[in-house]
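Below is one structure, written out as structure tokens, with a few remarks after it.
The values are calculated or read from the model by the stated rules, or taken from the named source; none is laboratory data. Quick caveat: nothing in here was measured; it's all calculated off a predicted structure. Virtual Cβ from ideal backbone geometry, glycine too; neighbours counted across all protein chains shown. When the accessible area is computed, the model is the full protein with side chains, heavy atoms only, and any ligands, DNA or RNA have been set aside. Shrake-Rupley method; radii C 1.70, N 1.55, O 1.52, S 1.80 Å.
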Amino acid sequence: MSKTVTVRDNDSGKSVELPVLVGSLGPGCIDIKQLPAALGNFTYDSGFAATAACKSAITYIDGNEGTLLYRGYPIDQLASSASFLEVAYLLLEGELPNKEQLAAFEYEVAHHTMVHESVRTFMDGFNYDSHPMAMMCGVVGSLSGFYHDALNMKDPKQRRLAAIRLIAKMPTVAAGCYRHSIGWPVTYPKNKLDYCSRLLNMMFSVPAESYEVDPVAARALNLLFILHADHEQNASTSTVRLVGSTGANPYACVSAGIAALWGPAHGGANEAVLKMLDEIGSVENVPKFIDRAKDKDDPFRLMGFGHRVYKNHDPRASIIREMCHEVLEKLGVEDPRLDLAMALEKIALEDEYFVKRKLYPNVDFYSGIIYKALGIPTNMFTVMFAIARTVGWVAHWLEQHVTEDARIGRPRQIYTGPTLRDYVPIDKR
Ligand code: SDX
């Protein structure tokens, strides 16, 4: 017996019975499509805090329990046992690959890592000090210009090829942005390396001497990429889906996702956390900044804290916090910011303001400390996030093309502007 709710307009006395749609996990969702015709109303939900925009089988989050599942597998199990491309396969195909499937997938991704040489000259057009995320938005969007032979969005083979091309080429473009910013020549991808080692090699190999990727660094990046790969209908994934719903090509969709991720309220927070920690400077200054974060008249917020969905610990933040100690120790890196971040977390979580609002560290709070220890500059942190999240973006983009009731996204509004009025000629104004 399917569940329903009745919505009643108390003024008119009219009511309508609405179905409650239930997925495999999580709360039911009231299907409101009959509401306008039945009662003449829309619904209002600023920021879509209580609104399901689509059906999806990719990732499940329980914000109260601090649960994060990729295709049903707990994030901590994947983080401790899988490779990033193994997780990428899982998110795209829905099942963990066997050895042959993983080897074939790794080979396929490795053989799409190159970009057209014109991409390099395109990058040269940017100032050396352009923010890498500005470059990523432009360059990734431009990739569609090189693949117009395979942009028929109705062809599943071409959709999958575009998804593989994006996963494969994001590290190449990202490393190119970094090398442009330091005035070094690009390093071409080495197909014999694994995904994370290949990126680190493209970023840090020195043209004048041989370079060996540190396996500790590659493992740390592998784990960070798994934790950042997908996160249900976050702002950037919702952006990719909205752009994808118009039939736009996947390079344009991912470029829009990169732009959305760049915001400091979203993926740009990892860069903002490092700047905040440097501004705080020492543990003695923490109480002053906590007060500022609580002051409604002060725009300062505790970056890396709070989450729309998690009202318990972000499981990714807990894993990264543990990882910080291990990676810094293995790399022999001392970073006072780690102690400062932990002191900040402790003080904040003992403060009524944060406890009452269930504000905990999120995925961005500690990740920058590890990126720093790997030698990645602060302005590349969100680029790292974008590389990993490209897997989630393209998985959702592929999914929306095979979902029956997928339609072009077109929300409504509460109009608050002037009511009807006539034009006044300029000499009468
Ligand atoms: C990511 O959606 C995802 O899944 C995103 C992500 C992913 O993997 O894709 O998890 C990645 O984007 C993580 C979030 C990174 N952003 C930051 O760390 C920036 C700092 N955090 C905040 O800006 C904020 O917490 C958000 C944006 C993350 C969530 O904002 P919400 O859900 O709109 O919450 P809100 O702004 O309504 O805050 C509720 C209350 C408010 O106070 P009151 O009006 O109730 O008095 O909490 C306060 C806010 O002022 N608050 C904070 C705060 N975050 C919320 N106060 C101080 N510092 C903060 N960080």
Alpha-carbon gyration tensor eigenvalues x 5, square-rooted, for the range 303-429, Å = 42, 23, 18
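Over the chain, average the accessible area per residue using a 1.4 Å probe and give it in Å², no decimals.
Details: 21820 Å² over 429 residues.
Computed with neighbouring chains in place, this is 51 Å² per residue.
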Mind grabbing the accessible area of residue 11 for me, 1.4 Å probe, Å², rounded to tens?
-> 150
Using θ = phi - 60° and the Karplus curve 6.51 cos²θ - 1.76 cosθ + 1.60, what whole-Hz ³J(HN,Hα) does each residue of the range 308-314 get, with Gly and Pro shown as x?
-> 4, 9, 6, 10, 8, 4, 6
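Can you sort 415, 211 by 1.4 Å-probe accessible area, starting with the largest? Please report the intermediate quantities before stating the final value.
Numbers: 415 140, 211 75 Å².
Largest accessible area first, the residues go 415, 211.
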Arrange the residues 316, 357, 8 by how much accessible surface each exposes, largest first, with a 1.4 angstrom probe.
-> 8, 357, 316
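On average, how much area does the Cα convex hull of the range 187-328 cover when viewed from any direction, in nm²?
Averaged projected hull area, Cα only: 12.2 nm².
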What are the semi-axes of the equivalent ellipsoid of the range 86-133, taken as the square roots of 5 times the eigenvalues of the Cα gyration tensor, listed largest first and rounded to whole Å?
-> 34, 14, 7
Rounded to whole Hz and in sequence order, give me ³J(HN,Hα) for the range 410-422 from the Karplus expression 6.51 cos²θ - 1.76 cosθ + 1.60, θ = phi - 60°, writing x for Gly and Pro.
-> 7, x, 9, 8, 9, 7, 10, x, x, 7, 3, 8, 8
Whole-angstrom Cα spans of the range 1-157 along principal axes, big to small | 67, 40, 35
Work out Dmax and Rg for the range 272-323 from the C-alpha atoms and quote the Rg first, both in angstrom.
-> 12.5, 36
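Averaged over all directions, how much area does the convex hull of the C-alpha atoms of the range 15-91 cover when projected, in nm²? Working shown, then result.
Numbers: hull surface 27.0 nm².
Taking the Cα atoms of the range 15-91, their convex hull projects to 6.7 nm² on average.
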Just from its helices, what would the mean residue ellipticity at 222 nm be for the chain, if runs of 4 or more DSSP H residues each count -39500 (n - 2.57) and the sum is divided by every residue, rounded to the nearest 500 deg cm²/dmol?
-> -15500 deg cm²/dmol
Extent along principal axes [Cα atoms of the chain; Å; largest to smallest] = 79, 67, 59
Spherically averaged projected area in nm², based on the convex hull that wraps the Cα atoms of the range 334-406 | 7.5
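If 262, 393 are ordered by their accessible area, calculated over protein heavy atoms with a 1.4 Å probe, which sequence runs from highest to lowest?
Values: 262 90, 393 0 Å².
Most to least solvent-accessible, the answer reads 262, 393.
On the accessible surface of the range 166-300, probed at 1.4 Å, how many percent belong to carbon and sulfur atoms? Don't skip to the answer; put the middle values down first.
Values: 2970 of 5210 Å².
That share works out to 57 percent.
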Sorted by chain and then number, the residues having a modelled amide H within less than 5 Å of the amide H of residue 15, at least 5 places away or on another chain, are 9
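May I ask you to list the GluC sites (Glu not before Pro) in the range 150-251 that are in a DSSP loop and have at most 11 other Cβ atoms within 10 Å of their Cβ? Numbers along the way, then the final one.
Details: sites: 209, 212, 232; in loops: 209, 212, 232.
Filter output for the range 150-251: 209, 212.
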